[in-house]
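Participant: My questions will all concern the structure given below.
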Amino acid sequence: MRKPFVAGNWKMNGSRDSVRTLLDGIKAGMADVSVAEVAVCPPAIYIADVQQQLEGSAIGCGGQDVSTQASGAFTGEISTAMLQDFACRYTLVGHSERRTLHGEDDALVARKFSVASAAGLIPILCIGETLQEREANETESVVSRQLDAVIELDGIEALADCIIAYEPVWAIGTGKTASSAQAQEVHAFIRQKLAELNADVAEGVRILYGGSVKGSNAEELFGQTDIDGGLIGGASLMADDFLAICRAAR
Ligand code: 13P
């Protein structure tokens, strides 16, 4: 059985005050979220505050990105060891906003994945096609290419200890969610692709859906066979909305 997982990607939102209020709200409502594993990925500058506030709670913390380098002259970057210094268990890699706005290509994302898992962080590998790619019928080839970059560098076994997030770019922050059938189709394709290389890895790996998930559509999405939870953007910034999504993951 794959344990459902819900992570909030706060992106570049919030303030010290709003982070405190948001986490207080999430912690207060966690009592009835018994099934899902839950994590938040705050802007790096708030991770120390979040770590303090999450002490003793089951909610995990993750980075939104990580450097391929261990230390040194890499202005603006954050290393795996720094994330771990503040008790992060996870890090996103290859979010579409990193790929598009920061020019991260498949090879760089694969290296980030590799250093994160070598350090013992759980990478949350984000993959997904743009609207143009979907309309050109390229969804499967795009997610295949994105997965292959990681598999070629680290082998299929490396995916055993990671989380995959399928986030169709056209559904991110647009209010346009993939239908549960559309999402399930791609999730099933991903799992099948992995099964051709290693059945156990395919069966065990959690594949999250991300892209305009809300309290109102989460249950239907998470009810699909190959959808094991969600990576939540906008709706993770309000405690009640996020909790409703966490409750839908069972
Ligand atoms: P939204 O939930 O705001 O569409 O964002 C999804 C996302 O990018 C999570 O990483």
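Participant: Residues of segment 163-185 being away from the ligand (no atom under 15 Å from the Cβ) and either in contact (Cβ under 8 Å) with a residue 24 or more places away in the chain or of a type in the set (A, V, I, L, M) (or both), which ones?
Facilitator: 180, 181, 184
Participant: Restricting to segment 5-17, name every residue that is open to solvent by 20 Å² or more (accessible area, probe 1.4 Å) and either without any contact (Cβ under 8 Å) to a residue 40 or more places away in the chain or under 26 Å from residue 250 (Cα atoms) (or both).
Facilitator: Once the filter is applied, which keeps residues that are open to solvent by 20 Å² or more (accessible area, probe 1.4 Å) and either without any contact (Cβ under 8 Å) to a residue 40 or more places away in the chain or under 26 Å from residue 250 (Cα atoms) (or both), segment 5-17 yields 11, 12, 15, 16, 17.
Participant: Right, here's the next one. Among the helices (runs of 4 or more DSSP H) lying completely within segment 137-250, list those that include at least 3 residues that are among the β-branched types (Val, Ile, Thr). Steps first, answer last, please.
Facilitator: Working: elements: 139-154, 180-195, 199-204, 215-222, 239-248.
Passing ranges, in order: 139-154.
Participant: Another question, then. Hey, can you tell me all the residues within segment 141-157 that are out of contact with any Ser or Thr (no Cβ under 6 Å at 6 or more places or on another chain), surrounded by 15 or more Cβ atoms within 10 Å (Cβ to Cβ) and over 23 Å from residue 230 (Cβ atoms)?
Facilitator: Hits for segment 141-157 are 149, 151, 156.
Participant: Take the residues of segment 66-90 that are without any contact (Cβ under 8 Å) to a residue 40 or more places away in the chain and not in a loop (DSSP other than H, G, I, E, B): which is nearest to the ligand (Cβ to nearest atom)?
Facilitator: Per the stated criteria, the residue is 83.
Participant: Could I ask something else about it? Please work out if residue 100 is part of a strand (DSSP E or B) and among the polar types (S, T, N, Q). Break it down into steps so the answer makes sense when it comes.
Facilitator: Details: part of a strand (DSSP E or B): no; among the polar types (S, T, N, Q): yes.
Considered against the rule, which asks whether it is part of a strand (DSSP E or B) and among the polar types (S, T, N, Q), residue 100 comes out as no.
The values are calculated or read from the model by the stated rules, or taken from the named source; none is laboratory data. All figures in this text were calculated on a predicted structure; none of them were measured in a lab. All Cβ positions, even for glycine, are placed from backbone atoms using ideal geometry, and neighbour counts span all protein chains on display. We work out accessible area using only protein heavy atoms, side chains counted, and drop any ligands, DNA or RNA first. Shrake-Rupley method; radii C 1.70, N 1.55, O 1.52, S 1.80 Å.
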